[in-house]
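Heads up: the structure comes next, in structure tokens.
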């Protein structure tokens, strides 16, 4: 009885691990060390920037009499964590996405605020707010709509909005203006 229960538990655990979500993962770590000499002495500053890209693999519809199933494009979740150490004291900093972005020929400014980001047109006072969620996305809220957004691998802001009339998700891509 006990042996059967033990074997059943092992089989259950093995079957659970086989059903995990397949993902493509990429991690890049960049470390910069700077030594500053001033009147107070020498300070060593170590900046470590870790960028993780995770993409869930989604498959297209299986075709009969074929061995391979093609994959379809899916969202890449990018998270960046920056660690700065000055004289043994470590601080963690999120990546600042403040910049100018363009969409439909208009230039928008995204700026950091206390709870996330604000987005404005240069001559308009009304602000769109971006608030970070637990899964590294942003709630995109302005006067007319409530959407979900994220920053892609190039740093562009991608906003996804549900359209009730067509029952589809509409993508808007705000392109970051490179300096």
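Laboratory data are not the source of any read-out in this text; all were calculated from the coordinates shown. Owing to the predicted nature of the structure, the values given are computational and were not obtained by experimental measurement. Don't worry about glycine lacking a Cβ; one is built from the backbone with ideal geometry, like all the others, and counts go over all protein chains shown.
Before moving on, here are some points about what is shown:
- Gaussian network model of the chain, Cα within-10 Å springs - most flexible of 41, 88, 149: 41
- Rounded to the nearest whole angstrom, the semi-axes of the ellipsoid equivalent to region 99-176, taken from the Cα gyration tensor as √(5λ), stand at 18, 15, 14, largest first.
- Fraction in percent of alpha-carbon pairs per bin - 5 Å, the chain: 1, 6, 10, 13, 13, 12, 11, 10, 8, 6, 4, 3, 1, 1, 0, 0
- Comparing 87, 96, 113 in a Gaussian network model of the chain (Cα springs below 10 Å), the most mobile by mean-square fluctuation is 87.
- Listed residues 137, 104, 65, most fluctuating in the chain (Gaussian network, C-alpha, under 10 Å): 65
- Sites residue 29 and residue 61 - FRET efficiency at Förster radius 45 Å, r taken between beta-carbons, to 0.05: 0.75
- Convex hull volume per residue for region 22-94, taking Cα atoms only, in Å³: 93
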